[in-house]
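Please treat every number below as a calculation from the coordinates, not as lab data. These numbers come from a predicted model, not from an experiment. FYI the Cβ positions are ideal-geometry reconstructions off the backbone, even for glycines, and counts take in every protein chain you see.
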Amino acid sequence: MGSAKPLTGVEPGVTGHSRVGRSEPPVPDSDQALLAAVAADLNQGQGATSPALELLVRRHGPALRALAASILGDAVLADDVVQETWMAAFRSAAGYQGRSSVRTWLLSICANRARTNLVKERRVVPFTRAWRNDRAEPFDPSAFSPAGSWVVPVTSWDDLPFAVVSAAELRDELTARVARLPLRQRQVVVARDMLGCTPSEVTELYGITSGNQRVLLHHARATLRAALLADAKGTDGP
Amino acid sequence: MKRTKDLSCRGVVALLDDYLDGQLTPSQRTVVGAHLDACTDCATYLKRARIILAALSSSASDDEQIADGQVQRLREALANAGG
């Protein structure tokens, strides 16, 4: 590893340190400081035992895994891509300039690596082909009368006999449904609604326009809503 | 049929995700809000949409097991590389 250059500035609102052990020096809390600490530890041949590395990985690892899985549709490949992401990030940590948050930077590295993996595996779906499969409106128009009102009254989930009863069950069902979405919709809904990325972060992550990401997101959400209602009722929902 | 200011239920659903994301203009938001106040079907649909968003938001959070695996794998790789 090259020598670590000290990073200036601390992410706003983040102060303080974490103390890993009584005899060990305090570990910084901010992502930027953690990244710098990892780079320093690696430079001294202590990366494998770096407490800053563990903190950073615990903080962002699950999000990277979710993003990689949304792109690759394969948990094992996703784990490999995340490993490559971390190694690449730590190798280039000294060059991190703070133009984006550390989280966004990590997600970008991960998305790029996952897409490279897709190309390598020849699993790329041409964007235009995927685009053409989406309806103009994200929802099923047959749910509405010609005048635009609901054909069937919208029932609260609490009133359905087979409604999901717990938050955990709903999360599990949604996770399974998200995994079955078309690739582009899955990528966007995971980044936006599961990982909390902003629209501009998503357009940058995937190289799509703001309009594209919006439509993909709306289609994904409408599909999830319809699928959950269909599950709850045992029939096709709107 | 429930219509508010020329906005049908279908029109509200078409705008719903932009409404949830705060992407409507103030006048659009007013019109959609007025329809939601008057239409129990659309209000229920909105509630359902919000429940789903909340569940999605909480689903990709801190999975200890995933993080444990990543930490362990990285430590092994770095130890093997002498880093």
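Listed values, structure above:
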quantity: Integer Hz, Karplus 6.51/-1.76/1.60 couplings in order for segment A:209-215, x for Gly and Pro; calculated: 7, 4, x, 4, 5, 5, 5
quantity: Any cysteine of chain B lacking a neighbouring Cys Cβ under 4.7 Å - listed by number; calculated: B:9
quantity: Where a label projected 7 Å from the Cα of residue B:80 along Cα→Cβ would reach, residues of segment A:38-54 with amide N under 15 Å; calculated: A:48
quantity: Stretchable slack from residue A:156 to residue A:172, in nm (0.36 nm times residue separation minus alpha-carbon distance); calculated: 3.8 nm
quantity: Orientation-averaged projected area, Cα convex hull of segment A:30-121 (nm²); calculated: 5.7
quantity: For residue A:27, distant residues with modelled amide H under 5 Å away; calculated: A:18, A:19, A:20
quantity: Potential extension, residue A:145-residue A:116 segment - 0.36 nm per residue separation minus Cα distance; calculated: 5.9 nm
quantity: Pairwise centroid distance, computed over Cα atoms, of segment A:36-62 with segment A:77-103, Å; calculated: 12
quantity: Burial ordering of B:47, A:120, fewest other beta-carbon atoms within 10 Å first; calculated: A:120, B:47
quantity: Average partner coverage of B:15-24, which counts Cβ from other chains inside 10 Å; calculated: 3
